[in-house]
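Please read the structure below before turning to the comments.
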Amino acid sequence: MDLSRRDFLQKLAALGAGLASPALGWAAQTAAPGGPGTIRRATAAAGSGAVGVHFVNHGPGLGRRIAVTFDDGPTPGVTEKVLAALRERHLSATFFMIGERVAASPSLAHRVRGEGHEIGNHSYTHPQLGRLPAPQVLSQLQKTQEVIEQSTGFRPCWMRPPYGSFRPAQAPLAAQEGLGVVLWNVDTRDWARPGTERILETVLTQARPGSIVLMHDLHLQTAEVVGRILDGLLERGFELTTISGFLGSPRTA
Ligand SMILES: [Zn+2]
């Protein structure tokens with residue numbers, strides 16, 4: 001990223017300060033010094049494939065763009081319903097998939113990509129990566145890259161650490177796999193099944209230009225309310241984009 005763009009994004013981040021969910025945990029703690037959306041750059045390990053690593057928790061706040069993301073799939077019986085809601089409205093989202101779940105349902109992962117969505121790396125077995133030694137972190141990322149590429153023909157360029165657990169010192173491990181690190185700033189906590197109305201309310205009250213919304217294609221409750229969430233966002237004038245649509249690739253962000 002050139003300096004002017006970086007400066008621009010940092011100004012946007014400052015404007016967006018205070019919009020993040022209080023439930024961010026690690027993300028809030030580590031992103032706090034520069035405000036939400038701060039893009040941190042760590043120097044990757046030397047080598048021709050090295051890229052800068054970015055910890056991002058929201059996109060540019062100008063305009064009305066927003067990214068809706070679904071973690072922990074693919075889940076047969078749930079992911080299809082999320083896809084249908086997106087397809088009916090001609091919208092694209094990003095699915096951060098767990099490697100072992102892709103291995104169990106490769107055709108469903110293939111279908112997600114075939115319907116035009118972005119796929120991200122969400123580790124192979126969903127551990128707290130921040131607690132693992134480097135070789136295990138690399139293995140989690142590498143195996144997931146491989147199974148996603150084999151199943152979908154798409155090699156992810158963004159990863160999301162389960163629970164947001166990833167230490168800045170681990171950034172070069174993600175870079176080694178060509179992955180930028182993306183978090184979120186609207187947390188629906190839908191994994192706890194708080195009820196469809198609560199999930200809907202969380203998204204529609206917290207969504208701002210530049211938001212990255214975290215949901216899960218894991219439980220039917222989420223799938224049942226996705227259509228209303230998408231309609232609500234569209235009614236408010238938001239345009240949905242994917243993470244790469246928002247941020248480009250980690251090489252260019
Ligand atoms: Zn997860």
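Each value in this text was obtained by applying a stated rule to the coordinates, not by laboratory testing. Treat the numbers as computed from the prediction; the structure is a model and nothing was measured. Cβ atoms come from the backbone with ideal geometry, glycine included; neighbour counts cover every protein chain shown.
Here are some notes:
- Residues whose amide H comes within less than 5 Å of that of residue 71, counting only those at least five positions distant or on another chain, are 96, 215, 216, 217 (H built at 1.01 Å from N in the peptide plane).
- In this structure, residue 235 and residue 104 have a Cβ-Cβ separation that, at R0 = 30 Å, corresponds to a calculated FRET efficiency of about 0.25.
- When 191, 158 are arranged by Cβ crowding within 10 Å, least crowded first, meaning fewest neighbours, the order is 191, 158.
- Packing here is the average count of other Cβ atoms within 10 Å per residue, and on that basis the peptides 206-216, 167-177, highest first, run 206-216, 167-177.
- The modelled label-to-label distance for the pair residue 193/residue 92, using points 7 Å beyond Cα in the direction of Cβ, is 3.4 nm.
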